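Chemist: I have a structure here, written as structure tokens, and I will follow up with some questions on it.
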Amino acid sequence: MKIAIADIKFDERGLVPAIVQDANTLEVLTLAYMNQESLERTLTEHETWFWSRSRNSLWHKGETSGNKQRVVEVSLDCDHDALRVLVVPEGPACHTGAQSCFHNELQEGSNEGWTGAGSESSTANLGEVLSRLYALIESRNGERPEGSYTTYLFDQGLDKILKKLGEECAETIIAAKNDDRHALVHESADLLYHLLVLFVQRGLTLDEVRRELLSRDGKGSK
């Protein structure tokens, strides 16, 4: 169901909370706020824009640090008063350098050993993560929600997807050549994401790739 920006219930300050999650792992990266302008820029530019309550101004995530967030999807909750933003991060979300702003574990109380509701996602193996991401991309191809980066890629067609895949491949090679482990991790995640987009666009399933890899096992050619 598509909702117009006019239907969002902004608070008395004209703001709405935005929960930002990694599209690959579903890890919560940060909680920020958007006003109508920052939301519109997020949807049109496919990068996160927020409203800084401390500076009372717009801010583009990664504008100075380079740690931008490529937007995959923006969705609205059932009460129309909170946003979820799925992104492919190009660096840490937190100003401390941590991947997520939620990296401080509470020690008090009886639930000291509780690992949180997101523990299932954080402990999922790579195959599970790729399967979830493939399913998400597949749904975006069918639904084409407005403001989704994946929708943008599918709307642009095969040539655009191949161009982006080539760019991510080159950036992964550069990160490896520069011996930048952090950059290599993020560029590899971007590369895998765009490869999955290509798979969906061409109708290729992960199971086909799995069977091909298994067929090579033990042949001594690798």
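Chemist: Quick check on V16: is it within 23 Å of A98 (Cβ to Cβ), modelled with pLDDT of 90 or more and open to solvent by less than 20 Å² (accessible area, probe 1.4 Å)?
Modeler: no
Chemist: Report, by residue number, each residue of region 44-64 that is open to solvent by 70 Å² or more (accessible area, probe 1.4 Å) and of a type in the set (G, A, S).
Modeler: S54
Chemist: Still on this structure, please answer the following. Scan the strands (runs of 3 or more DSSP E) fully inside region 17-88 and keep the ones with 3 or more residues being over 21 Å from L136 (Cα atoms) and over 13 Å from the mean Cα position of the chain (by Cα). Can you show your working first?
Modeler: Details: elements: 28-34, 49-52, 57-60, 69-76.
Per the criteria, 28-34, 49-52, 57-60.
Chemist: Scan L162, L184 and give me the residue that is part of a helix (DSSP H, G or I), surrounded by fewer than 18 Cβ atoms within 10 Å (Cβ to Cβ) and at pLDDT 90 or above.
Modeler: Residue meeting the stated conditions: L162.
Chemist: Within region 77-98, how many residues turn out to be in contact with a strand residue (DSSP E or B) (Cβ under 6 Å, 6 or more places away or on another chain) and open to solvent by 20 Å² or more (accessible area, probe 1.4 Å)?
Modeler: Pass one, region 77-98, residues in contact with a strand residue (DSSP E or B) (Cβ under 6 Å, 6 or more places away or on another chain): 82-89, 93.
This time we only want the ones that are open to solvent by 20 Å² or more (accessible area, probe 1.4 Å), so: 82, 84.
Residues that pass the stated criteria total 2.
Chemist: Quick check: is even one residue across region 204-219 of a type in the set (D, E) and modelled with pLDDT under 90?
Modeler: The answer is yes; a qualifying residue exists.
Chemist: Give all pairs with beta carbons closer than 7 Å in which a residue from region 130-153 that is in contact (Cβ under 8 Å) with a residue 12 or more places away in the chain and open to solvent by 60 Å² or more (accessible area, probe 1.4 Å) meets a residue that is hydrophobic (A, V, I, L, M, F, W, C) and outside any loop (DSSP other than H, G, I, E, B); count only pairs at least 6 apart in sequence or on separate chains.
Modeler: S131/L206; E138/V200
Chemist: Test L136 against the criterion of being within 19 Å of the chain's Cα centre (by Cα) and closer than 22 Å to T44 by Cα, and give yes or no.
Modeler: Criteria met by L136.
Chemist: What are the pairs, 6+ residues apart or on separate chains, where a residue within region 179-203 that is on the phi > 0 side of the Ramachandran plot has its Cβ under 6 Å from a residue that is surrounded by 13 or more Cβ atoms within 10 Å (Cβ to Cβ)?
Modeler: none
Chemist: Follow-up. Which of (1) farther than 17 Å from G142 by Cα; (2) part of a helix (DSSP H, G or I); (3) open to solvent by 50 Å² or more (accessible area, probe 1.4 Å); (4) not β-branched (V, I, T) is the odd one out, the single condition L191 does not satisfy?
Modeler: Tallying (1) farther than 17 Å from G142 by Cα; (2) part of a helix (DSSP H, G or I); (3) open to solvent by 50 Å² or more (accessible area, probe 1.4 Å); (4) not β-branched (V, I, T), L191 fails exactly one: (3).
Chemist: Within region 92-99, is even one residue modelled with pLDDT of 95 or more and in contact with a helix residue (DSSP H, G or I) (Cβ under 9 Å, 6 or more places away or on another chain)?
Modeler: Looking only at region 92-99, we keep the residues that are modelled with pLDDT of 95 or more, and these are none.
No - not one qualifying residue is present in region 92-99.
The values are calculated or read from the model by the stated rules, or taken from the named source; none is laboratory data. Everything numeric in this text was worked out from a predicted model, so none of it was measured. Heads up, the Cβs are rebuilt from the backbone with ideal geometry, glycines too, and the neighbour counts pull from every protein chain shown. Surface accessibility is based on the protein's heavy atoms, side chains included, excluding ligands, DNA and RNA. Shrake-Rupley method; radii C 1.70, N 1.55, O 1.52, S 1.80 Å.
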